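Visitor: Below is a structure I'd like to ask you about.
The values are calculated or read from the model by the stated rules, or taken from the named source; none is laboratory data. Predicted model only: the values in this text are computed from it and were never measured. Neighbour counts run over all protein chains shown; Cβ positions are idealised from the backbone, glycine included. Surface areas here come from the heavy atoms of the whole protein model, side chains and all, with no ligands, DNA or RNA. Shrake-Rupley method; radii C 1.70, N 1.55, O 1.52, S 1.80 Å.
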Amino acid sequence: MPETALRFSGVDSYLYISDIEEAVATQEIPTRVLEFPAGPDIDSEEEMAEWLEAFDQVVDEEGARRGCELLDALMQRARESGVQVPVQLNTPYVNTIPVEQEVPYPGDRQLERRIKSLIRWNAMAMVHRQNKKDAGIGGHISTYSSLATLLEVGFNHFFHARYEDQPGDFIYFQGHSSPGVYARAYLEGRLSEEQVLNFRHELRGAPGLPSYPHPWLLPDFWRFPTVSMGIGPLNAIYQARFMRYLENRGIIPATPRKVWAFVGDGETDEPESMGSLTLASREKLDNLIFVVNCNLQRLDGPVRGNGKIINELEAAFRGAGWNVIKLVWGSDWDKLFARDKNGILLKRMEEAVDGEYQTYKAKGGEYIRREFFGKYPELLEMVADMSDDELHRLTRGGHDPQKVYNAYKRAVEHRGGPTVILAHTVKGYGLGSAEARNATHQEKKLADQALTAFRSRFAIPIPELAARDGSLYRPPDDSPEITYMRQRRKELGGFMPSREVPTSSVGTPGLDHFAESIAGSQGRAVSTTMGYVSMLRQLLKHPKIGKLIVPIIPDEGRTFGMESIIRQVGIYASQGQLYKPHDVDMLLYYREEKNGQILEEGITEAGSMASFTAAGTAYANYKVPMIPFFTYYSMFGFQRIGDMVWAFADARGKGFLMGGTAGRTTLAGEGLQHQDGHSLVLSSTVPTCHSYDPAYVYEIAVIVQDGMRRMYQEAEDRFYYITLYNEDYAMPEMPKGVEEGILRGVYKYRAADKGKAVVQLFGSGPILNEALHAQEILVQRYGVAADVWSVTSYNELRRDALAIERWNRLHPTAPEKRPHILEALHGAEGPIIAATDYMKAVPDQLAPWLHNRLVTLGTDGFGRSDNRQHLRRFFEVNAESIAAAALSRLGRDGEFDAARAEKAIHELGIDAEKIDPAIA
Ligand SMILES: Cc1ncc(C[n+]2csc(CCOP(=O)(O)OP(=O)(O)O)c2C)c(N)n1
Ligand SMILES: [Mg+2]
């Protein structure tokens, strides 16, 4: 951090504070030097006044734009003359839109207020009632209460449900404001009373409502899962970008659609919320509007008690190139501003910190008069004619429909970049004693008295007793409120939120399209990554689905040898390629194009995952079945952005996650931070994720072909995680009849060539080759016959076994069914040695069905920098370790001489006393 330099009177040069402090401490300079100068002299005051007068005159006579030009020119001159011009990212703590530039509100303010009150009531009642009935079931009251006006102005005037055949605006709601969104849908007649009464009671045999926006649970309603803080804003940015991508590629027409993201001020603490702001401005995403609900509080207390979150965000967003609209004060402040001739009110507003603003709202009018206005006599005088109650009711910008409407209008009309509206609100607005309290976030129930007060404040026409019960209230269908709501939504294209999936499906290519991958590499040593890349090249050429493929890479294209794809379909660049790349003369030059197909995201796995999410849900959101292939460093996938993958699954996302440089021993040299031995454990936790660990390119082809068929032709809500390795070896041609085994998770790859096998070797990924080598060692050196199996997915085998086991459990009198793994192993005898480049937990998923037959070798522990041979020896997954494990187990089982097995361990170069790699 650079130190602040100050210039003091009597001291000619700039001094650093620490220098001065030290000098004072050592009495080198007298303390008096620290005093500031008395103020500018008369001459310079006159000079200043002249400048200001001249400026005022220009603005008066020639307008604000001219004023701006002049200032710009002055700044330029200052820079040229070496004058350091301070960077000013903050504007005064007032509304960006001056009152004189506001347009009148187009709606029926009174009726809209009634509607909003009804929504407020039902949102509160739904949470209150449920917690009274079922203590601890939870829910939030105070977030929606701060957001109500911000949402309602949108619902009544801005949120478009449709543009012709396009789905209209996208809205990312603050997740825990869901009660308000449900309450509106209830009034609109879209959700039944039963559903609303079953908020957070989803499992009662009657339709209920999930806590938060979950498309998985309410697929006709919610589009975007948002409640995990940070995911909404990040996904919204990439959604807006993906919309432009589809437009620029000619896949959808360009429309004035917007992406609206409602974000909590506390939520902006998350790096995901703020991390991609510059992408939005760089890409000139004027289809993107953030509304930050600045209620100054998060869960525990103030967001920036000692500062101002609105100013902090203003600087951050402005610095990132966004159009910032501050919406700080409501209309009733305007008359006070009009009285504020010398700027004292603004000064007081600038001085007060968020912690104080929160306290003002919590403590009421008398306190506000004393503590806020009371600081300066002129201010006190300014509000002398106002009652304490009026002072307390002075509105914050986000609660004033007039101000909100104007901010939204500006945002929607803004061109050339994204807009953020920083809306000042009150958490727990209208909740009486819970308003602006630190604990308000956790408020689930109101006391009887508070309910009664709420009912009166918002004029809810229900009897007191019903109010105390938290009864819902919906006026008749033909009431002015319901009629108005419906009419407004009709004009805006329909109800929102709403999610609809087209019934048509896309024909996907058959296995014949993958002939090259299935034929093998004719002895040439290649990696599964290379095989996958050429498969992708072929798919991109497919006449029907080629254009639907969305290759996504986070700056790892060269790692995976994807240069040829860059040349083939180009990198998406909204501006085209404004420079001549230095490698333009080369065949595989860096090609960027406005209609490029690849999303080269730079070094952001989170951003790439957000693109994957936009693309993988496009079948529902844009009615175009885009097929994303996100290829990344497997170590930086689930481990790093697992929560986003979870949200992707919730959103019913489809596509292929391709985990490159997979395996803790196959990625040589890179060591501890890069070698992945656990992504397959993590991927197994996501219910709709189907994970595969293929050894050969034909296996990938079968998985990808069938995956496309199931996701896009059969419309199944699922997606895939497939590991890709960088070890080169000859890819065999696909043996006959293995497709089903590949998909279900296991098939016999090479049977023992002499005699019946007494041991079964399971291998996955490149470790299958180690198993094959072990098979040779066993038979040639120890006369032990083994079968070798390729296990493409322990995860699929486990899921199958669990489902069968459950069925058997629930049908005790029916003939027992057998899981696929046991069917596949029918007749195969002896222990099973399962070796993987992943943790032992991966094969161990089958332990309940394989009982004590299973011996697992895996790569538990931290990676090391070395080559494959040494890594595999260290982690005990090389051919020798597999053979030794087989002999050892056969020895214990009495099927092989145990002493001979012990000798074999030594012969095979294994140090039985070396440290366990799992803890090394
Ligand atoms: C990643 C994540 N961490 C924690 C939470 C728990 N949580 C839910 S709401 C909330 C506070 C939100 O504050 P803010 O964003 O300011 O929203 P407000 O309710 O104030 O509008 C927290 C911490 C969460 N949902 N997601
Ligand atoms: Mg907040």
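Visitor: Considering only the other residues whose Cβ falls under 14 Å of the Cβ of Tyr633, what net charge follows from Lys and Arg at +1 and Asp and Glu at -1? Show your work: numbers first, answer last.
Guide: Working: positive: Arg558, Arg640, Arg664; negative: Asp555, Glu556, Glu601, Glu605, Glu670, Asp676.
Net of charged neighbours comes to -3.
Visitor: Nothing charged except the Cβ atoms of Lys and Arg (+1) and of Asp and Glu (-1): what's the magnitude of the dipole of the chain about its Cα centre? Round to the nearest 20 debye.
Guide: Once rounded to the nearest 20, the dipole reads 3500 debye.
Visitor: Sequence gap at least 6, Cα distance under 8 Å: using those rules, report the relative contact order of the chain to the nearest whole percent.
Guide: In percent, rounded to a whole number, it is 10.
Visitor: Something else now. Enumerate the amide H contacts of Ala261 below 5 Å, restricted to partners 5 or more residues apart or on another chain; note that Pro and chain-start residues carry no placed amide H.
Guide: Tyr172, Ile289, Phe290, Val291
Visitor: Projected onto the charge dipole of the chain (+1 at Lys/Arg Cβ, -1 at Asp/Glu Cβ, origin at the Cα centre), which of Tyr633, Ala786, Met658 gives the Cα projection farthest towards the positive end?
Guide: The residue sitting farthest along the positive end of the dipole is Ala786.
Visitor: Continuing with this model, one more query. When the label point is put 7 Å from the Cα of Lys133 along its Cα-to-beta-carbon vector, which residues of segment 205-232 have a backbone N closer than 12 Å?
Guide: 205-209
Visitor: Then there's this: Mind listing which trypsin sites (Lys or Arg not before Pro) in segment 768-829 are in a DSSP loop and have 16 or fewer other Cβ atoms within 10 Å? All intermediate terms of the calculation are to be shown ahead of the outcome.
Guide: Numbers: sites: Arg781, Arg798, Arg799, Arg806, Arg809, Lys817; in loops: Lys817.
Here the trypsin sites (Lys or Arg not before Pro) that fit, given the DSSP loop and packing criteria, are Lys817.
Visitor: Just the number: Rg to Rh for segment 643-715, Cα atoms, Kirkwood Rh, two decimals.
Guide: Rounded to two decimals, Rg/Rh equals 1.01.
Visitor: Per-residue counts of other Cβ atoms within 10 Å, averaged by peptide: what ranking do you get for 199-206, 645-652, 172-179, 363-370, highest first?
Guide: My ranking of the peptides, most packed first, is 172-179, 645-652, 363-370, 199-206.
Visitor: Between rounded, prolate and oblate, where does segment 792-920 land on the alpha carbon gyration tensor, with a ≥ b ≥ c its root eigenvalues, rounded for a/c under 1.5, else prolate if a/b exceeds b/c?
Guide: Values: a/c = 3.07, a/b = 1.68, b/c = 1.83.
Verdict is oblate for segment 792-920.
Visitor: Scale the Cα Rg of segment 469-569 by the rule-of-thumb value 2.2 N^0.38 Å and send over the ratio, two decimals.
Guide: In units of the globular-protein estimate, segment 469-569 measures up at 2.03.
Visitor: Can you list residues whose amide H is under 5 Å from Tyr692's amide H, if they're 5+ apart or on another chain and H is modeled 1.01 Å from N?
Guide: Tyr721, Ile722, Thr723
Visitor: Amide H to amide H, which residues 5 or more places from Gly330 or on other chains are under 5 Å from it, using H placed in the peptide plane?
Guide: Thr395, Arg396, Gly397
Visitor: Another question about this same structure. Below 8 Å, C-alpha to C-alpha, sequence gap of six or more: please give me the relative contact order for segment 552-707 in percent. Kindly include the intermediate steps, with their values, before the conclusion.
Guide: Values: 220 pairs, mean separation 29.5, N = 156.
Here the relative contact order equals 19 percent.
Visitor: For segment 308-462, count the residues as N, evaluate 2.2 N^0.38 Å, and divide the Cα radius of gyration by that value, please.
Guide: 1.15
Visitor: So how compact is segment 161-273: Cα radius of gyration and Dmax in angstrom?
Guide: Spelled out, the Cα radius of gyration and Dmax of segment 161-273 are 15.8, 47 Å.
Visitor: Heavy-atom accessible area per residue, the chain, 1.4 Å probe: how many Å²?
Guide: On a per-residue basis, the chain sits at 43 Å².
Visitor: If you don't mind, there's one more thing I want to ask. Between beta-carbons, use under 11 Å as the cut-off and find the net charge around Arg853, counting Lys and Arg +1, Asp and Glu -1.
Guide: Working: positive: Arg889; negative: Glu829, Asp893.
Spelling it out: positives minus negatives among the neighbours equals -1.
Visitor: Treating cross-link reach as a plain straight distance, find the lysines whose alpha-carbon is under 16 Å from the alpha-carbon of Lys258, omitting any fewer than eight places away in the same chain.
Guide: Partners within reach: Lys284, Lys409.
Visitor: For Ala899 and Glu805, calculate 0.36 nm times their separation in residues minus their Cα-Cα distance, and state this gained length in nm to one decimal. List each step's numbers first, then the result.
Guide: On the way: separation 94, 0.36 × 94 = 33.84 nm, distance 3.94 nm.
Going from the current span to full extension adds 29.9 nm.
Visitor: Same structure, new question: Ratio of alpha-carbon Rg to the 2.2 N^0.38 Å globular estimate for segment 401-454, to two decimals, please.
Guide: Taking N as the residue count of segment 401-454, the ratio is 1.66.
Visitor: Kirkwood Rh, Cα Rg: Rg to Rh for segment 365-406? Could you put the intermediate results ahead of the total?
Guide: Values: Rg = 12.1 Å, Rh = 11.1 Å.
Value, to two decimals: 1.09.
Visitor: A further question follows. Quick check for me: using +1 on Lys/Arg Cβ and -1 on Asp/Glu Cβ, what's the dipole size of segment 326-429 about its Cα centre, in debye to the nearest 20?
Guide: 440
Visitor: Hey, which lysines would be in cross-link range of Lys544, C-alpha to C-alpha under 26 Å, not counting anything within fewer than 8 residues on its own chain?
Guide: Straight-distance partners of Lys544: Lys594, Lys623, Lys654.
Visitor: For segment 166-179, just list the computed ³J(HN,Hα) in residue order, Karplus coefficients 6.51, -1.76 and 1.60, θ = phi - 60°, integers in Hz, with x standing in for Gly and Pro.
Guide: So the J values, rounded to whole Hz, are 8, x, x, 5, 10, 10, 9, 7, 4, x, 8, 8, 3, x.
Visitor: Sticking with this structure for a sec: Find which of Ala384, Val506, His870 sits farthest along the positive direction of the dipole of the chain, computed with +1 on the beta-carbon of Lys and Arg, -1 on that of Asp and Glu, about the Cα centre.
Guide: It is Val506.
Visitor: So for the chain, taking the charge dipole from beta-carbon charges (+1 Lys/Arg, -1 Asp/Glu), which of Ser273, Leu285, Ile552 sits furthest toward the positive end?
Guide: Ranked along the dipole, the leading option is Ile552.
Visitor: Grab the Cα-Cα distance for Asp478 and Ser564, subtract it from 0.36 nm times how many residues apart they are, and report the gain in nm with one decimal.
Guide: Gain on extension, Asp478 to Ser564, equals 24.6 nm.
Visitor: Applying 1/(1 + (r/R0)^6) with R0 = 51 Å to the Cβ-Cβ distance of Asp56 and Ser504, what FRET efficiency is obtained, to the nearest 0.05?
Guide: Values: r = 64 Å, r/R0 = 1.25.
Calculated transfer efficiency: 0.20.
Visitor: I would also like to ask the following. Show me, bin by bin at 10 Å from 0, the whole-percent P(r) of segment 250-361 based on Cα pairs.
Guide: Distribution as computed: 11, 37, 30, 17, 4, 1 percent.
Visitor: Hey, another quick one. In µm²/s, what is D for segment 876-920 at 10 °C and 1.306 mPa s, where D = kT/(6 pi eta Rh) by Stokes-Einstein and Rh is the Kirkwood radius from Cα pairs?
Guide: 148
Visitor: Turning to a different aspect of this structure: What are the equivalent ellipsoid semi-axes of segment 551-610, built from the alpha-carbon gyration tensor (square roots of five times its eigenvalues), in whole angstrom, biggest first?
Guide: Each semi-axis is √(5λ); the values are 19, 14, 9 Å.
Visitor: Now a separate question. Among the lysines, select those whose C-alpha is under 22 Å from the C-alpha of Lys840, and discard any that sit fewer than 8 residues away in the same chain.
Guide: Lys748, Lys914
Visitor: May I ask you to evaluate 6.51 cos²θ - 1.76 cosθ + 1.60, the Karplus curve with θ = phi - 60°, for each residue of segment 134-145 and list the ³J(HN,Hα) values in order in whole Hz, giving x for glycine and proline?
Guide: Each residue's phi maps through the Karplus curve to give 9, 4, x, 6, x, x, 10, 10, 7, 5, 4, 4 Hz.
Visitor: For all pairs of alpha-carbon atoms in the chain, what percent lies in each bin of width 20 Å, listed from the first bin to the last filled one?
Guide: Histogram of Cα-Cα distances, whole percents per bin: 12, 36, 31, 17, 4, 0.
Visitor: For segment 44-101, give the magnitude of the charge dipole about the Cα centre (Cβ charges: +1 Lys/Arg, -1 Asp/Glu; no others), in debye to the nearest 20.
Guide: 480
Visitor: Each residue of segment 591-603 in turn: what ³J(HN,Hα) in whole Hz from Karplus with 6.51, -1.76, 1.60 and θ = phi - 60°, glycine and Pro shown as x?
Guide: So the J values, rounded to whole Hz, are 9, 10, 8, 5, 10, x, 9, 7, 9, 8, 8, x, 7.
Visitor: Can you tell me the order of 82-94, 613-625 when each peptide is scored by its average per-residue count of other Cβ atoms within 10 angstrom, highest first?
Guide: The peptides rank, most packed first, as 613-625, 82-94.
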